[in-house]
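Engineer: Provided herewith is a single structure, encoded as structure tokens, for subsequent inquiry.
The values are calculated or read from the model by the stated rules, or taken from the named source; none is laboratory data. What you see is a predicted model, and the numbers here were worked out from it, not measured in a lab. Cβ coordinates were reconstructed from backbone atoms using ideal geometry, including for glycine residues, and neighbour counts include every protein chain displayed.
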Amino acid sequence: MFKTNYHSHSEFCDGTGKLEDYVKSAIERNFDLFGFSGHAPLPFKNDWTMPKNDLPAYLEETKRLKTVYKNDIDLKIGLEVDYIENTMSPSDQYYRDLGLDYIIGSIHLLPDTNTGEYLGVEYLKSEMEQLINNTFGGNTQLLVKEYYRLVRDMSEHGGFDIMGHLDVVKKTNINSIYFNETEDWYKAEIDSTLECIADNKQILEINTGQVLNDPTRIYPSPWILQMAKSYDIPIMLNSDAHRPDHIDNYFEEAKLMMINAGYRELKVFIEDKWISDKIT
């Protein structure tokens, strides 16, 4: 089995450490391939994505590292691009013109209709609660349904290779304080979203980045992964690392989860094409 990771964030955005620190860590941990995926710039001020003025330096440094370490590890250059309705999308021509190896499509934000600001659905409880109260009239179910509607919309627009952390909206939902994943309405949202991903032939990311000391918090939840298998949606493994020493966090737990869901293969991007690789 190839050891790979395509989801990482350095000091260019909200991670820590230089890009080269991640490369050295990947070599030390016997990775076959490592991918850079800084958060693409947003069209408004924030403290977690790459400033647009830094994007040329990011691309230049990733290309330099790709050349310097070509005999040690296969490096790929990507971005994690947010979908914001009527504002930006991984399908925008702008990203295709950058010559990236791959794109991760993700949704992190929803608009606060009272203030006009965009807030994270997976960042802070305070932001989640502000969105629930200001935009959705105190109804969490409406927020979650809107999140998955946008995921489906992003899937339909396309332009990306990897669907990032599908159910990240659960991040602050510790002990089901906002919603219960066992409820029929939530399962229906997941089913519709997976059907859309399957129709658009996108790769579903298994993301271990935010589990901290709780590997049961891998994205997506095990039951969602089982449902994805019923749709024959291809999967891949990423750590969403924000530190060089987290590039293979909980990979063994994630592989067991994949096998328990019925998967025997995952996708890897080797020699400029996506191929199937046996899970071992």
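Engineer: Within segment 167-175, is even one residue in a helix (DSSP H, G or I), more than 25 Å from residue 79 (Cα to Cα) and not polar (S, T, N, Q)?
Structural biologist: yes
Engineer: Here's a check for you: in segment 38-90, which residue that is under 20 Å from residue 107 (Cα atoms) and among the small types (Gly, Ala, Ser) is surrounded by the fewest Cβ atoms within 10 Å (Cβ to Cβ)?
Structural biologist: Only one residue fits best here, namely 89.
Engineer: While we're on this one: Please go through segment 64-83 and give me each residue that is over 20 Å from the mean Cα position of the chain (by Cα) and within 17 Å of residue 7 (Cα to Cα), ordered by number.
Structural biologist: Within segment 64-83, 65, 66, 73, 74 qualify.
Engineer: Do we find that residue 122 is closer than 19 Å to residue 181 by Cβ and modelled with pLDDT under 95 in this structure?
Structural biologist: Judged against the criteria, residue 122 is a match.
Engineer: Okay, next question. Cβ-Cβ distance below 6 Å, separation of 6 or more or different chains: which pairs start in segment 52-71 with a residue that is within 15 Å of residue 11 (Cβ to Cβ) and of a type in the set (Ser, Thr, Tyr) and end on one that is modelled with pLDDT of 95 or more and in a loop (DSSP other than H, G, I, E, B)?
Structural biologist: Correct list of pairs: 58/12.
Engineer: Anything in segment 231-276 that is part of a strand (DSSP E or B) and surrounded by fewer than 17 Cβ atoms within 10 Å (Cβ to Cβ)? List them, or say none.
Structural biologist: 265, 270, 273, 274, 275, 276
Engineer: Given the condition free of Cβ contacts under 8 Å to residues at least 12 places away in the same chain, in a helix (DSSP H, G or I) and surrounded by fewer than 18 Cβ atoms within 10 Å (Cβ to Cβ), answer yes or no: does some residue in segment 138-153 qualify?
Structural biologist: Scanning segment 138-153, I find at least one residue that is free of Cβ contacts under 8 Å to residues at least 12 places away in the same chain, in a helix (DSSP H, G or I) and surrounded by fewer than 18 Cβ atoms within 10 Å (Cβ to Cβ), so the answer is yes.
Engineer: Quick check on my filter: what residues within segment 113-128 are buried (at least 16 other Cβ atoms within 10 Å of the Cβ) and part of a helix (DSSP H, G or I)?
Structural biologist: Selection gives 127, 128.
Engineer: Now, a different point. Identify all residues within segment 1-41 that are in contact (Cβ under 8 Å) with a residue 40 or more places away in the chain, within 19 Å of the chain's Cα centre (by Cα) and in a loop (DSSP other than H, G, I, E, B); write none if there are none.
Structural biologist: Correct list: 3, 6, 7, 9, 12, 14, 15, 16, 40.
Engineer: Out of the residues in segment 91-108 meeting the condition of being under 18 Å from residue 151 (Cβ atoms) and not hydroxyl-bearing (Ser, Thr, Tyr), tell me which one is surrounded by the fewest Cβ atoms within 10 Å (Cβ to Cβ).
Structural biologist: So the residue we want is 92.
Engineer: I'm checking my understanding of the structure. Among residues of segment 154-182 that are touching a residue at least 60 places away in the same chain (Cβ under 8 Å) and surrounded by 20 or more Cβ atoms within 10 Å (Cβ to Cβ), which one is farthest from the chain's Cα centre (by Cα)?
Structural biologist: 154
Engineer: Also: Could you please find all residues in segment 179-214 being part of a loop (DSSP other than H, G, I, E, B) and under 28 Å from residue 87 (Cα atoms)?
Structural biologist: 200, 201, 202, 209, 210 - these are the residues of segment 179-214 that are part of a loop (DSSP other than H, G, I, E, B) and under 28 Å from residue 87 (Cα atoms).
Engineer: Right, next: Which one of these is over 25 Å from residue 149 (Cα atoms), at pLDDT 95 or above and among the charged types (D, E, K, R): 205, 271, 253, 265?
Structural biologist: Going through 205, 271, 253, 265 in turn, just one is over 25 Å from residue 149 (Cα atoms), at pLDDT 95 or above and among the charged types (D, E, K, R): 265.
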